[in-house]
Structure formats: C-alpha cells, structure tokens
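What follows is a set of notes on a single structure, which appears directly below.
The values are calculated or read from the model by the stated rules, or taken from the named source; none is laboratory data. All figures in this text were calculated on a predicted structure; none of them were measured in a lab. Cβ atoms come from the backbone with ideal geometry, glycine included; neighbour counts cover every protein chain shown.
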Amino acid sequence: MNSISSNQLFLVCPFCQMEGFIRRHFGDVFFLTSPASVFDFEDDAYLKEVKKTIHSENIQDIYLVGDVSCRFVRNALIPRKLGYLWCEQFISELCSETDTSISLTEKLLRKQLYELSAERIFGSELKKGELRLHALMTSKAENLISPVYCEFLQRMQLGIEKKANGTRLEHVPSLELIL
C-alpha cells in the first residue's frame, strides 16, 4: 500500500518481540527483523528488495533498535561457547570484559549504523537526503526508549541544497525525543 506521507522502518530482533512495544510508541510502522538486529546486507538481491520496499512504501526514516535485554547481548557477556548464528560472532567481537548490556547494546547499534551508512548500502540515499538513519536503545521492561547519537551519521545527514549564490547546508531533523 503506497502512502502519501512518509513511513518509518524499524530494524529489530525477532526474539526481543519489539513490534508491539514500538507500535505503542510510534504507531503503524514497518518492521524488518534479524537476530540481535544485526543485519547483513552483503546479499545484493536481498538489499535490492529492501531498497525496493523502502521506495515503494515511501520510507524516509529507518530506526535500528537494540533492546538491553536482548538474549544475544546478554549471552555475549557470559563466557561460553558461541552458538551457530553469525550475529553471535559479530557481537562477541565487540564485547569487552567491562561491558554491560547497556554498553554492549550501544556499541552494537553504533557499529550497525556505521555499516548501514556505507555507500553500498544506504550511504548514497543518506547523502541525498532521501533517508535518515536513527538508533534507539530500548528497555522494553522499563518502557524506555533512548536515542543513540552518532556524530559521523549526523554529519552525513546534513542536506545540501545548491543555490545560485553558493551552497547552503540545512540540518535534517532527527529523533529528538526520549519517551
């Protein structure tokens, strides 16, 4: 269904069951799921379909969501043998001895934002102002949502408008709200 207004896409972990929580706070939105919200857009056919959906549904804001109680994050904090999902390896490479579920979730979100902002994935759309990326750290148990800001991403999301008398920069608004 195409819509005149812009829509939002939330990238979430299916095991965290965030859909109802997100809908209560943001209304009717779209979801894309991957374990631990770790997305692998290396598959060109998959990336093409995601971009096609983003375009056809007029999605302009993508929110990467990480819940501090995610079982993959919690498991990475416990010394044990890794499971069989590739996201577990991805998270374990970020984890340090001093991490908590909050610090590891934030690292994971920042790393994913960096990867999603790559030119090959969503970088060109970000630079053109066609998309905005956001990260939200949540605690579903405490009913909390907190934006995770990344300076490199905020710089990328500056819209550039050329005028006859030069170039003007305009800040593209991002999520300024903590629920």
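Checked against the criterion of being modelled with pLDDT of 90 or more and within 19 Å of residue 13 (Cβ to Cβ), the candidates 54, 78, 62, 91 yield just one match: 62.
Summed over segment 36-52, residues that are assigned to a helix (DSSP H, G or I) and touching a Phe, Trp or Tyr at 6+ places or on another chain (Cβ under 6 Å) total 2. Considering only residues in segment 28-47 that are under 18 Å from residue 113 (Cβ atoms) and among the charged types (D, E, K, R), the one that is surrounded by the most Cβ atoms within 10 Å (Cβ to Cβ) turns out to be 40. Can residue 108 be described as touching a Gly at 6+ places or on another chain (Cβ under 7 Å), of a type in the set (A, V, I, L, M, F, W, C) and surrounded by 14 or more Cβ atoms within 10 Å (Cβ to Cβ)? Considered against the rule, which asks whether it is touching a Gly at 6+ places or on another chain (Cβ under 7 Å), of a type in the set (A, V, I, L, M, F, W, C) and surrounded by 14 or more Cβ atoms within 10 Å (Cβ to Cβ), residue 108 comes out as yes. Mind telling me which of the residues 25, 55 ends up being in contact (Cβ under 8 Å) with a residue 12 or more places away in the chain, in a helix (DSSP H, G or I) and surrounded by fewer than 19 Cβ atoms within 10 Å (Cβ to Cβ)? None of the others qualify; the one that does is 25. Look at segment 64-90: where a residue is surrounded by fewer than 21 Cβ atoms within 10 Å (Cβ to Cβ) and a partner is at pLDDT below 80 and in a loop (DSSP other than H, G, I, E, B), sitting 6+ places away or on another chain with Cβ atoms under 9 Å, you get 75/82; 75/83; 88/82; 89/82. For segment 84-114, filtering for residues that are within 14 Å of residue 66 (Cα to Cα), out of contact with any strand residue (DSSP E or B) (no Cβ under 7 Å at 6 or more places or on another chain) and among the charged types (D, E, K, R) leaves 2.
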